[in-house]
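The values are calculated or read from the model by the stated rules, or taken from the named source; none is laboratory data. Only a predicted model underlies this, so the values are computations on that prediction, with no experimental measurement involved. For neighbour counting, all protein chains shown are included, and Cβ atoms are generated from backbone atoms with ideal geometry for every residue, glycine included.
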């Protein structure tokens, strides 16, 4: 806490030890079971040395279900996301279930996302708000130098906003 009574990122972060995590080599099913058990929207993904390398979130799960368009034998595909802006997209009965079942063959590292930004544990909450809004993210790593200390999420910041506003 600063001399003016404002809290810092370190005051609201969830420590690395307290944040749910899974090995990058585990199955997507294992990750989804952990998320279902804990009710959390995201979990940390750890490498073989137990170092955080990314996250698996609800958004990552949805992105994994999105159809992928690969290059044809001539090196390009006419079915690109840009092409679909001008043409109707057709969805088929059973496509969603089929895509979900296909996820069972994947490991966490195939579906996870990396962290686009991090924030220092001594940063102000105003800076954390700015970084999260500017990057359109709901959580980010908290670091001290190159050491990963924990995570800060929108929910912790919003809880602090409520405390400040309701105390008035």
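So the values come out like this:
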item: Hits in the stretch 16-49 (condition: surrounded by fewer than 13 Cβ atoms within 10 Å (Cβ to Cβ), more than 16 Å from the chain's Cα centre (by Cα) and in contact (Cβ under 8 Å) with a residue 12 or more places away in the chain); result: 18, 48
item: The stretch 101-135 - residue that is touching a helix residue (DSSP H, G or I) at 6+ places or on another chain (Cβ under 7 Å) and assigned to a helix (DSSP H, G or I) and, of those, surrounded by the fewest Cβ atoms within 10 Å (Cβ to Cβ); result: 129
item: Any helices (runs of 4 or more DSSP H) falling wholly within the stretch 1-86 and containing at least 1 residues that are at pLDDT below 90 and over 28 Å from residue 129 (Cα atoms); result: 58-65
item: Residue count, the stretch 136-150 (criterion: assigned to a strand (DSSP E or B) and either more than 17 Å from the chain's Cα centre (by Cα) or free of Cβ contacts under 8 Å to residues at least 24 places away in the same chain (or both)); result: 2
